[in-house]
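Heads up: the structure comes next, in structure tokens.
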Amino acid sequence: MTKASANKGFTLIELLVVIAIIAILSACLMPALSSATDRARVTQCRSNLTHIAIGLRMYFNDQGAYPDELQRLTEAGFITDDSILLCTKTGVPYYYSQPTPDTPIDELIIACVAPDTPQGQRPHSYRNSFVGLQKGGKLLEVGR
Ligand SMILES: [Zn+2]
């Protein structure tokens, strides 16, 4: 074996070092990437709740009362895409509490989960928060 042919390509050690460096770098980037994914899901939930709020307002103007469940909005044609009735993180239908004339303006009527769900069981931002809509139309990210 000549000296020139012995220097061709990488040695096993060099290859392992490169793989180790790639593994370390990707481990550093993972939290940033999953955090960005979660922020995108929160934004999508906010968008869903905004659409549902508009649908609710139209339903109220049409029927004179709020629907007993959110599914009525699709049945009445105010929402055409059922998938916006689901939290983007859990895929579970949004919590909905039918508002009455006595419901306070700052009470959450729609949310990713029931508003009394403790931290650690909430869907967004590492289980600390959820998105909710108040009766008055204000959107909140609770727990953030
Ligand atoms: Zn959500």
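No other cysteine beta carbon under 4.7 Å away is the test; run it over the chain and list who passes.
Here Cys28, Cys45 come out as lacking a disulfide-compatible partner, given the Cβ-Cβ threshold of under 4.7 Å.
Taking only the Cα atoms of the chain, how large is their convex hull per residue, in Å³?
Dividing the Cα hull volume of the chain by its residue count gives 142 Å³.
How charged is the neighbourhood of Tyr59? Take every other residue with its Cβ under 13 Å from the Cβ of Tyr59, and add Lys/Arg as +1 and Asp/Glu as -1.
Numbers: positive: Arg57, Arg72; negative: Asp62, Asp68, Glu69, Glu75.
Overall, the nearby charge balance is -2.
State in Å² the accessible area per residue of the chain; use a 1.4 Å probe, count heavy atoms of protein chains only, and round to the nearest integer.
Values: 9230 Å² over 144 residues.
Heavy-atom accessible area per residue stands at 64 Å².
Given contacts defined as C-alpha pairs under 8 Å and at least six residues apart, what's the relative contact order of the chain, whole-number percent? Intermediate results must be reported in sequence, preceding the final value.
Details: 171 pairs, mean separation 26.7, N = 144.
The value is 19 percent.
The values are calculated or read from the model by the stated rules, or taken from the named source; none is laboratory data. In this text, all values refer to a predicted model and were calculated from it rather than measured experimentally. Cβ atoms come from the backbone with ideal geometry, glycine included; neighbour counts cover every protein chain shown. All accessible areas refer to the heavy atoms of the entire protein, side chains included, with ligands and DNA or RNA removed. Shrake-Rupley method; radii C 1.70, N 1.55, O 1.52, S 1.80 Å.
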